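Asks: Dropping the structure in here first, questions after.
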Amino acid sequence: MEKSCIFMQSPLHVAVKKEHFNFVKEILRLKPELAEVVDQLKRSSPLHIAAARKEGAGLAEPAEHGHEHIIKILLEEAPNMCFVHDQDGMTPLHVAAVNGNTQVLEVFLKKKRQAALERTARGETILHLCVKNCHLDTLKALVESTYDLELLNSQDSDGNTVLHLAVAYKEVEMVEFLLGKGDKIDKNAMNKKHQTINDIFELTKKTDEVSEADKKIEELLKKKHAIRAKKVLKRSEDEKWLEEQNTALMVVASCIATLSFQVGINPPGGVWQDDNKGHEAGTSIMSYDKDKDSYNIVQVSNTIGLMSSLSVILLLIRPSLQAILCIRFEGYIVDCCNRECNNLLVHDRVSHK
């Protein structure tokens, strides 16, 4: 996709840098392939250079043919250059985020929205770069426009989320904005050092003199119930133990349900294979024995075991399936009970004949 330039910079690089819109347009008409050429300085494409420029800085053309228009025509010619990384491991979007070019980022995202997920060599997203370079307005605009949970909670190579960085850099307004996203942001995420935002705050808090920023951040963390890493780990261990117990219960309940079902369709002693005055084909032989009460006890106990095990299985499955199966399961229980009662009545009538 990208091509190397035999010169330090191509004419298109220079034209973009000087913001000569008409010159850029004419070069692209004559040599459109230059849009995919990277220079020998930092392996930057024309889009990298355009993304680094502030709106109106060094403007050489009328306002209606300025900065954003150059980016738009470059994107029209080579949209996939949004994904090209320069020598520093940055894409044009990363460069725009470092410089706080909000409008430029919006132009990029309208053309190639998936480019927002690209990372730097250190695993940073455009949101990380906004926080590190203190661009609050740009961060707000990106979060509101993309609202991608993967992007919002993404971690860099050190495992830090944007919230980790905002707390570490004492950016009170950023912390307040991010925590205001509620369940959309993971306020108890841990980095690779097993540190939550609360741990980061405690490590970076001044011990001799508490600053106003520290006071406000501490208040925000308490308000949103952010917890230390040791509590997160304890909660994770408890959840893991509970999941293991649920799995064990599911296995036991499934075994009991299987055995109970087998006893129901194949009762002890087998079933009669023919019709006779004293019995009917398909009915349990044990039910016609002298010890008929034992048969009734077995059937009732087996039915209770089957219903109990199925109830446990129903409680352990995901809530989304419970609503679907609950009504069917209730109908199944009623049907089984009715059949069992009918079988007992039939046995009583036959035995009295």
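Asks: Among the listed residues 226, 213, which satisfies the condition of being part of a helix (DSSP H, G or I) and modelled with pLDDT of 70 or more?
Replies: Working: 226 fails: part of a helix (DSSP H, G or I).
Testing whether each residue is part of a helix (DSSP H, G or I) and modelled with pLDDT of 70 or more leaves just 213.
Asks: Does residue 48 satisfy being part of a helix (DSSP H, G or I), modelled with pLDDT under 90 and either over 10 Å from residue 21 (Cα atoms) or not acidic (Asp, Glu) (or both)?
Replies: In short, no.
Asks: If we only count helices (runs of 4 or more DSSP H) wholly inside the stretch 90-188, which ones have 2 or more residues that are at pLDDT 90 or above? Steps first, please.
Replies: Details: elements: 92-98, 102-111, 126-132, 136-146, 149-152, 162-168, 172-179.
Helices (runs of 4 or more DSSP H) meeting the threshold: 92-98, 102-111, 126-132, 136-146, 162-168, 172-179.
Asks: Evaluate the following for residue 102: is it touching a Phe, Trp or Tyr at 6+ places or on another chain (Cβ under 8 Å) and among the hydroxyl-bearing types (Ser, Thr, Tyr)? Spell out the reasoning first.
Replies: Details: touching a Phe, Trp or Tyr at 6+ places or on another chain (Cβ under 8 Å): no; among the hydroxyl-bearing types (Ser, Thr, Tyr): yes.
No; evaluated as a whole, the condition is false for this residue.
Yes or no, residue by residue, for (1) surrounded by 18 or more Cβ atoms within 10 Å (Cβ to Cβ); (2) assigned to a loop (DSSP other than H, G, I, E, B); (3) modelled with pLDDT under 90; (4) touching a His at 6+ places or on another chain (Cβ under 8 Å):
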position	(1), (2), (3), (4)
9	yes, yes, yes, no
28	yes, no, no, no
33	no, no, no, no
64	no, no, yes, no
80	no, no, no, no
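Asks: Within the stretch 192-211, which residues are over 13 Å from residue 167 (Cα atoms) and in contact (Cβ under 8 Å) with a residue 24 or more places away in the chain?
Replies: Once the filter is applied, which keeps residues that are over 13 Å from residue 167 (Cα atoms) and in contact (Cβ under 8 Å) with a residue 24 or more places away in the chain, the stretch 192-211 yields 192, 193, 194, 211.
Asks: For the structure I just gave you, tell me whether residue 130 is within 19 Å of residue 158 (Cβ to Cβ) and in contact (Cβ under 8 Å) with a residue 24 or more places away in the chain. Steps first, answer last, please.
Replies: Details: within 19 Å of residue 158 (Cβ to Cβ): yes; in contact (Cβ under 8 Å) with a residue 24 or more places away in the chain: yes.
So residue 130 fits the description; yes.
The values are calculated or read from the model by the stated rules, or taken from the named source; none is laboratory data. Keep in mind it's a predicted model, so treat the numbers as computed, not measured. Note: ideal-geometry Cβ built from the backbone for every residue, glycine included; neighbour counts use all protein chains shown.
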